[in-house]
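Data block below; observations after.
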Amino acid sequence: MDHIDRIDDLREGVTLRAYGQRDPLVEFKNEAYNMFETLIDKVDEELSHRIFRIGVAMPQPEVPQNLMRENIDKTDMTGVVDPIKQSTNKPITKLGRNDPCWCGKVDNEGKPVKWKHCHYPQLPK
């Protein structure tokens with residue numbers, strides 16, 4: 001907005017240059033070009049300052065669920081939930097084939113077994 005205001009001021013003041021035997025159109029073009037170059041330099045400078053102020057956060061390493069015991073940080077209101085307790089306490093309205101089985105069965109690696117591999121034709125009680 002400041003640049004537009006300066007261009008308007010330049011347009012009004014360039015007519016006085018005719019008294020000094022200079023072409024007002026040429027003077028306006030030269031000064032407007034210089035003002036535009038200054039504007040571009042300021043934008044580039046501000047952009048470079050903002051880019052260097054950006055902080056990159058390192059991702060926090062995740063703890064495997066079988067090693068978790070309790071939620072120490074209780075500020076986020078989320079915690080470690082046992083998949084067996086979660087499946088028995090929560091009423092199941094719709095169960096997808098790739099969802100963990102409602103019985104809570106786990107495989108050799110401690111991961112919950114998918115419903116399609118465990119009790120697929122049966123619905124939870």
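The values are calculated or read from the model by the stated rules, or taken from the named source; none is laboratory data. As the structure is a prediction and not an experimental result, all values here were calculated from the model. A quick note on method: Cβ atoms are made from the backbone with ideal geometry, for glycine too, and the neighbour counts reach across all protein chains shown.
Could you list all residues from the stretch 1-37 that are without any contact (Cβ under 8 Å) to a residue 24 or more places away in the chain and aliphatic (A, V, I, L, M)?
MET1, ILE4, VAL14, LEU16, ALA18, LEU25, VAL26
List the residue pairs whose Cβ atoms are under 8 Å apart, where the first residue sits in the stretch 104-118 and is closer than 15 Å to PRO64 by Cα, the second is loosely packed, with under 11 Cβ neighbours inside 10 Å, and the two are 6 or more positions apart or on different chains.
Once the first residue is closer than 15 Å to PRO64 by Cα and sits in the stretch 104-118, its partners that are loosely packed, with under 11 Cβ neighbours inside 10 Å give GLY110/ASN66.
Identify all residues within the stretch 29-43 that are of a type in the set (A, V, I, L, M, F, W, C) and surrounded by 12 or more Cβ atoms within 10 Å (Cβ to Cβ); write none if there are none. Explain how you work it out, then say what you get.
Looking only at the stretch 29-43, we keep the residues that are of a type in the set (A, V, I, L, M, F, W, C), and these are 32, 35-36, 39-40, 43.
Residues satisfying the conditions are ALA32, MET35, PHE36, LEU39.
Mind checking which pairs have a first residue in the stretch 52-65 that is not assigned by TED's automatic domain parsing to the domain that holds GLU109 and a second that is at pLDDT below 70, Cβ under 8 Å, 6 or more apart or different chains?
Hits for this filter: GLN65/VAL80.
Does GLU46 meet the test of being within 31 Å of the chain's Cα centre (by Cα), of a type outside the set (Ser, Thr, Tyr), assigned to a helix (DSSP H, G or I) and modelled with pLDDT of 65 or more?
Yes.
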